[in-house]
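Have a look at the structure below before the remarks.
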Amino acid sequence: MPGQATDTAPPCLPTFYDDLVFPPPPPGRPYVAINMVSTVDGRTTLSREGKPVAERIGSPVDRTLMKRLRTHFDAVARGAETVRQSPYYPWAEPRETRQPLAVVFTRSGRLPVEASFFTGAPRPPLVVAPRLSGDRLKALRQAGAEVWETEDDLPAVLRRLGEEKAVRRLLLEGGPHLNRAFLAAGAVDELFLTLAPRLAGSGHNRRDAAGATTDTRKAGGNMLLNLSLVEGEPFWPPVELQLISVFRVESELFLRYRLSDPKAAR
Ligand SMILES: NC(=O)c1ccc[n+]([C@@H]2O[C@H](COP(=O)([O-])OP(=O)(O)OC[C@H]3O[C@@H](n4cnc5c(N)ncnc54)[C@H](OP(=O)(O)O)[C@@H]3O)[C@@H](O)[C@H]2O)c1
């Protein structure tokens, strides 16, 4: 049943992401792909009465393919809010394969050091942050993480990942705010998007009986209403994508796009 929170592997796993071919990395950075799942109306998070809901958007097939996709990448990056809400290591399947380096981007350094993202990691996760307080830095290092204290300079971090960690391909698994930062830096080449057969609504713009619209975020509402794939300032012009492949499993679609011009996102 769609959206059911179970990690049981589906009996017959599709193989369409087993043998993917990627272009070589562009000069100075790894080849970067985003992987996300959204509802048909473009929502990548679910909430109820203004509070985030832990229910998964995609099916067990989507979650299994997500792990399969990771086998093609040297590193899997996530924003700190995503790690705070889902604090597990991004394992690739099968588990015998070399596991990707987990990279988390944070400014606050506020991360769940007691969670399996750190305690059950097959290799030390990498935390990328600007200068952190001594306590946060110590806690992260004690949790086994490597910490890169850097300026907020994504191109420099990506270059360093290539040079020091031999990362040729990086999978970005959200969330929507970090997706935007990567796109704005011209550092996204592809998008793997699962379209789950569900509708959730955004909750952001509400029109009252008199026709007035309220942006509930500006009105002090909860920022974690149903987010889209990319959050933050809108892009203009919109970023153009080319469809590379489409697969269907029951009512769920597995889409792969390439950005026409990675440097065009403004
Ligand atoms: N449907 C999907 O496929 C999918 C995938 C991933 C996540 N999600 C959902 O998305 C939600 C979280 O997404 P989110 O957009 O709120 O947060 P996010 O992108 O996961 O994380 C944002 C945080 O990343 C850190 N950061 C460091 N550098 C940054 C930069 N240059 N730009 C932006 N952030 C930077 C900051 O951490 P600090 O706050 O520590 O300073 C920032 O608050 C969760 O509900 C999660 O479940 C859905």
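The values are calculated or read from the model by the stated rules, or taken from the named source; none is laboratory data. All values derive from a computational prediction rather than experimental measurement. Cβ coordinates were reconstructed from backbone atoms using ideal geometry, including for glycine residues, and neighbour counts include every protein chain displayed. Please note that ligands, DNA and RNA were not included when accessible areas were found on the heavy atoms of the full protein model with its side chains. Shrake-Rupley method; radii C 1.70, N 1.55, O 1.52, S 1.80 Å.
List of remarks:
- GNM flexibility winner over the chain from 184, 200, 210 (Cα, springs under 10 Å): 210
- Among beta bridges from DSSP that stay inside the chain, the antiparallel ones total about 40%.
- 91, 236, 148, ranked by accessible area, largest first (probe 1.4 Å): 236, 91, 148
- For residue 248, net neighbour charge (Lys/Arg +1, Asp/Glu -1) across residues whose Cβ lies under 15 Å away: -2
- Solvent accessible area, Å² - residue 202, 1.4 Å probe, full protein context: 30 Å²
- In this calculation the C-beta distance from residue 210 to residue 15 is compared with R0 = 51 Å, giving a FRET efficiency of 0.40.
- Under 18 Å of direct C-alpha separation, and excluding same-chain neighbours fewer than eight residues apart, residue 165 reaches these aspartates and glutamates: 74, 146, 149, 153.
- Theoretical gain in end-to-end length, residue 110 to residue 251 [0.36 nm per residue, Cα-Cα removed]: 47.0 nm
- Amide H partners (placed H, <5 Å) of residue 132, local residues excluded: none
- For peptides 56-67, 122-133, 155-166, sequence by mean Cβ density within 10 Å, most packed first: 56-67, 122-133, 155-166
- Dipole of the chain [Lys/Arg +1, Asp/Glu -1 at C-beta], most positive-end residue of 116, 237, 188: 116
- Counting only protein heavy atoms and a 1.4 Å probe, segment 43-147 has 48 square angstrom of accessible area per residue.
- Normalised contact order of the chain, rounded percent, pairs of Cα under 8 Å and 6 or more residues apart: 25 percent
- Residue among 177, 204, 72 with the largest mean-square fluctuation in a Gaussian network model of the chain, springs linking Cα atoms under 10 Å: 204
- Shape class of the chain from the Cα gyration tensor (axes a ≥ b ≥ c, square roots of the eigenvalues): rounded, since a/c falls below 1.5.
- Of interest is the spacing of the C-alpha centroids, which for segment 149-215 and segment 52-81 amounts to 14 Å.
- Here the sum of -39500 (n - 2.57) over DSSP H runs of 4 or more residues, divided by the residues of the chain, equals -5500 deg cm²/dmol at 222 nm, to the nearest 500.
- Solvent-accessible area, 1.4 Å probe, carbon plus sulfur percent, for the chain: 52 percent
- Computed across segment 1-159, the Kirkwood hydrodynamic radius from all distinct Cα-Cα pairs reaches 17.3 Å.
- Cα gyration tensor category, rounded, prolate or oblate, for segment 87-202 with a/c compared to 1.5: rounded
- Which of 44, 71, 15 is most accessible, then next, and so on - probe 1.4 Å: 15, 71, 44
- Computing FRET efficiency as 1/(1 + (r/R0)^6) for residue 141 and residue 54, where r is the C-beta to C-beta distance and R0 is 25 Å, gives about 0.25.
- Of the residues 141, 169, 78, the one that moves most in a GNM of the chain with alpha-carbon contacts below 10 Å is 141.
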